[in-house]
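Take a look at the structure set out below.
Rule-based calculations on the coordinates, nothing more; no lab input. None of these values were measured; they are calculated from a predicted model. Note: ideal-geometry Cβ built from the backbone for every residue, glycine included; neighbour counts use all protein chains shown.
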Amino acid sequence: MKIAVCIKRTPDSESRFRIAASGAAIDEAGLKFDIDDFAGYAVEAALQINEKSGGGETVVYALGPDNVQEPLRKAMSMGADRAVQLRTDTVPVDGIAVAKALAAELKSGGYDLILFGKHAFDTSAGVVGTAVAELLGLPCVTAASQLSIENGKGTARRELEGAAELVEFPLPAVVTIDEGVARPRYPSLKGIMAAKKKPLESKPAQLGPVRVTVAKAELPPERPAGRIIGEGAAAVPELVRLLQTEAKVL
Amino acid sequence: MANVLAFAETRGGELRKVAFEAVTAARKLADASGGGEVHVLLAGEPGIGGKAEQLGRYGADVVFVAESADFAKFARESLAATLADRAKAGGYRAVVLGFSAQGRDLGPRVAARLDAPIASDVSDFTVNGDSITVKHPAYANKVITSLTITGSPVVITVRPSAFTAAEAPKSARVETVQATPASGPTVTVTEVKEGAKGRPDLGEAPIIISGGRGLKAKENFKLVEDLADAFGNAAVGATRAVTDDGWRPHSDQIGQTGRQVSPQLYVAVGISGAIQHLAGMRTSRTIVAINKDKEAPIFKVADYGIVGDAAEIVPALTAAVKEARKGH
Ligand SMILES: Cc1cc2nc3c(=O)[nH]c(=O)nc-3n(C[C@H](O)[C@H](O)[C@H](O)COP(=O)(O)OP(=O)(O)OC[C@H]3O[C@@H](n4cnc5c(N)ncnc54)[C@H](O)[C@@H]3O)c2cc1C
Ligand SMILES: Nc1ncnc2c1ncn2[C@@H]1O[C@H](COP(=O)(O)O)[C@@H](O)[C@H]1O
């Protein structure tokens with residue numbers, strides 16, 4: 001199968017964040033960047049689908065400045081066949097603008113399946129994948145926690161509040177990937193060597209107008225320091241008393 | 001003055017809590033834009049129109065009812081097309097949905113169809129002339145951003161529980177509209193698996209009892225279930241270590257790559273407090289931690305920590321909570 005996976009470069013989610021002097025962004029100094037978590041699951045899902053079917057092509061896309069070439073190379077070291085950078089100076093937080101640029105490029109790609117992360121770590125928005133599907137007129141499963149492709153047909157599971165939905169869909173299709181579908185592999189040394197020779201094409205993006213911008217970024221208020229009230233079952237009466245009188249939840 | 005359109009989410013023929021929250025947020029947005037009307041699209045299975053009056057109680061001026069048998073199975077392409085068509089016909093300032101499983105799917109579709117900008121998971125907003133500024137937790141809740149959105153209409157999905165549904169009674173005018181059928185290939189629902197009955201959803205529960213690997217075995221989640229039962233209105237959550245091992249379904253996972261929750265009370269049992277777990281629950285009002293390792297990072301965020309063996313402490317707590325709640 002011919003599968004496209006769109007990946008975003010985002011800071012490592014374990015980082016401690018500081019706000020940049022502008023007050024409208026995080027301070028990127030010293031942060032490690034990687035493929036965004038859910039898109040990483042999507043790359044793995046694509047590789048597994050093509051490995052199982054014993055063929056096909058996995059192509060990874062990233063929109064952004066030249067620093068997106070690093071996660072694209074990483075995806076190729078995991079096993080993707082080639083990569084495309086859609087060049088922009090910055091990556092807007094406007095998901096529809098990004099979706100338009102990706103859709104314009106993916107339209108003529110002849111893909112059976114186009115995968116995205118459920119949401120990117122930085123935007124935490126969950127817009128781009130489903131919007132691309134709608135722009136291309138393709139069926140879309142948003143936030144699939146299970147995915148299988150067989151005989152030209154897809155089945156997936158989606159978590160709902162207190163329930164889950166099992167769905168079927170024809171190909172070509174778009175799926176945005178939740179955790180649970182696949183955990184990304186680590187690139188092997190052989191994979192890393194091979195990725196250096198794989199094609200990475202770079203071309204300008206056809207970004208739509210940017211209508212969403214960050215006006216301010218703040219760190220959430222710190223929680224007061226934690227407190228240990230006691231040890232073992234002997235501490236239970238004190239806990240219950242605090243839940244009743246202080247926290248007032250009982 | 002500008003009108004705002006809200007989407008009334010339903011499941012199983014009933015309005016969901018986020019439907020009223022979307023109407024409340026739309027009311028707030030219409031008032032802030034100079035006092036326009038709130039219109040609501042109530043799209044659901046045949047008979048759903050009977051729920052229109054309930055929406056009036058929360059401030060809807062007009063309820064547009066679109067009934068279709070396909071909507072019983074979340075015909076997402078047709079729902080999005082129906083909502084987008086209504087939005088086009090009404091010339092609204094904004095379309096408001098809940099940031100729920102349905103809204104996460106429909107919001108981006110509607111925005112793409114309208115070529116409108118979208119802001120997701122919005123916890124608050126202000127209107128300043130031609131732009132709307134929204135509060136949106138980004139970086140898995142680690143950074144709170146204020147986003148400025150220009151253009152009209154805009155699509156906004158609101159964070160569940162951020163806008164408390166407030167009654168503002170109106171006798172809503174009800175109009176029937178046609179459902180727009182899907183124009184291309186579609187996703188078909190083959191089955192809906194209902195989760196554990198009688199427990200609130202994690203996103204809505206005032207109390208959450210969560211278990212981690214410290215519970216040692218799948219069967220021991222019974223301790224967590226029993227404590228949740230003792231509280232009466234509690235949901236049960238889990239860490240990724242536990243969902244990875246298949247002790248609990250992925251839908252129970254709390255954290256950066258799971259659900260993000262802010263209950264009144266969060267009880268963490270046998271959970272170390274990894275940063276990815278904290279990302280999903282650190283905004284809870286009160287946090288209780290039970291862990292045998294007094295150095296566990298969960299104690300840094302716990303208002304009340306007890307050091308010790310969960311197998312001993314949790315049953316004692318369950319008994320004490322039952323005792324305290326006698327008569328409830
Ligand atoms: C990209 C990424 C995303 C992730 N997303 C998530 C996420 O969404 N949610 C999430 O939870 N994790 C997530 N993780 C995993 C996270 O890093 C931790 O591995 C996980 O939260 C640990 O789960 P745990 O606390 O149950 O297990 P552990 O870390 O193994 O902790 C078990 C705890 O139980 C205690 N314990 C042991 N025995 C007892 C006993 N008898 N009584 C009481 N306490 C006992 C131990 O002291 C220990 O603190 C993510 C990781 C990555 C890399
Ligand atoms: N700049 C980008 N380049 C490539 N893919 C992207 C980009 N931004 C977002 N995506 C994809 O869209 C998903 C959802 O992003 P978002 O809508 O921002 O939450 C991500 O997990 C990626 O798969």
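From the square roots a ≥ b ≥ c of the eigenvalues of the alpha-carbon gyration tensor of chain B, which class results: rounded (a/c under 1.5), prolate (a/b over b/c), or oblate? Don't skip to the answer; put the middle values down first.
Details: a/c = 2.13, a/b = 1.86, b/c = 1.14.
It comes out prolate by the Cα gyration axes.
Residue B:107: net charge of surrounding residues, Cβ under 13 Å, Lys/Arg +1, Asp/Glu -1, itself excluded? List each step's numbers first, then the result.
Numbers: positive: B:76, B:104, B:109, B:113, B:159; negative: A:134, B:9, B:105, B:121.
Residues near residue B:107 contribute +1 overall.
Out of A:39, A:97, A:233, any idea which swings most in a Gaussian network model of chain A, alpha carbons joined below 10 Å?
A:233
With both bridge residues required to lie in chain B, what share of the DSSP beta bridges run antiparallel, to the nearest 5%?
Working: 15 of 61 bridges.
Once the DSSP bridges in chain B are tallied, antiparallel ones form about 25 percent.
Just checking the output field for A:206-213: average partner chain Cβ neighbours within 10 Å of each residue's Cβ? Spell out each step's value before the answer.
Working: counts 0, 0, 2, 4, 2, 11, 11, 7.
Per-residue shielding by partner chains comes out at 5.
Residues with beta-carbon under 13 Å from that of residue A:55, excluding residue A:55: net charge, scoring Lys, Arg +1 and Asp, Glu -1?
Working: positive: A:2, A:52; negative: A:51, A:57, A:81, A:112.
Spelling it out: positives minus negatives among the neighbours equals -2.
Taking amide hydrogens as modeled 1.01 Å from N in the peptide plane, which residues meet the under 5 Å criterion relative to residue A:146, leaving out close sequence neighbours?
Residues meeting the amide H criterion: A:157.
Return the lysines within reach of residue A:107: Cα separation strictly under 18 angstrom, same-chain partners fewer than 8 residues apart disregarded; answer none if there are no such residues.
Of all the lysines, those that pass the test against residue A:107 - Cα under 18 Å, at least 8 places apart if same chain - are A:2, A:203.
Add +1 for every Lys or Arg and -1 for every Asp or Glu among the other residues with Cβ under 10 Å from the Cβ of residue A:157, and state the total. Could the numbers behind the result be given before it?
Details: positive: A:158, B:193; negative: A:159, A:165, A:178, B:191.
Neighbour charge sum, excluding residue A:157 itself: -2.
Which one of B:75, B:316, B:238 has the biggest mean-square fluctuation once chain B is modelled by GNM with Cα springs under 10 Å?
Comparing B:75, B:316, B:238 in the GNM, the peak value goes to B:316.
Just want the ordering: B:328, A:119, from fewest to most Cβ atoms lying within 10 Å of their own Cβ. Intermediate values should be presented prior to the final figure.
Values: B:328 9, A:119 27.
Lowest to highest Cβ neighbour count: B:328, A:119.
Grab the DSSP H runs of chain B that are 4 residues or longer, score each as -39,500 (n - 2.57), total them, divide by all residues and round the 222 nm result to the nearest 500 deg cm²/dmol. Each step should come with its number before you reach the end.
On the way: 9 runs with 92 residues, N = 328.
After summing the helix terms and dividing by the residues of chain B, the value is -8500 deg cm²/dmol.
Among B:180, B:257, which comes first, second and so on when ranked by fewest other beta-carbon atoms within 10 Å?
Details: B:180 19, B:257 24.
Ascending Cβ contact count within 10 Å gives the list B:180, B:257.
Going by the alpha-carbon gyration tensor, a ≥ b ≥ c the square roots of its eigenvalues, is the range A:84-189 rounded (a/c under 1.5) or, if a/c is not under 1.5, prolate (a/b greater than b/c) versus oblate? Each step should come with its number before you reach the end.
On the way: a/c = 1.43, a/b = 1.32, b/c = 1.09.
Rounded is the answer for the range A:84-189, as its axis ratio a/c remains below 1.5.
Taking the number of other C-beta atoms within 10 Å as the exposure measure, put A:181, B:314 in order starting with the fewest.
Going from sparsest to densest Cβ surroundings: A:181, B:314.
Take peptide A:131-138, look around each residue's Cβ out to 10 angstrom, count Cβ atoms belonging to other protein chains, and average those counts.
Numbers: counts 8, 2, 6, 12, 5, 2, 5, 2.
Going residue by residue through A:131-138 and averaging, the value is 5.
Partner chain Cβ atoms within 10 Å, averaged over the residues of B:248-260 - can you pull that number for me? Could the numbers behind the result be given before it?
Numbers: counts 0, 5, 9, 11, 1, 5, 0, 1, 6, 11, 4, 2, 1.
For this peptide, the per-residue mean of nearby foreign Cβ atoms is 4.
If you take the square roots of the eigenvalues of the alpha-carbon gyration tensor of the range B:144-206 and sort them as a ≥ b ≥ c, do you get rounded (a/c under 1.5), prolate (a/b over b/c) or oblate? Don't skip to the answer; put the middle values down first.
Working: a/c = 1.30, a/b = 1.03, b/c = 1.26.
Because its axes are fairly even, with a/c under 1.5, the range B:144-206 counts as rounded.
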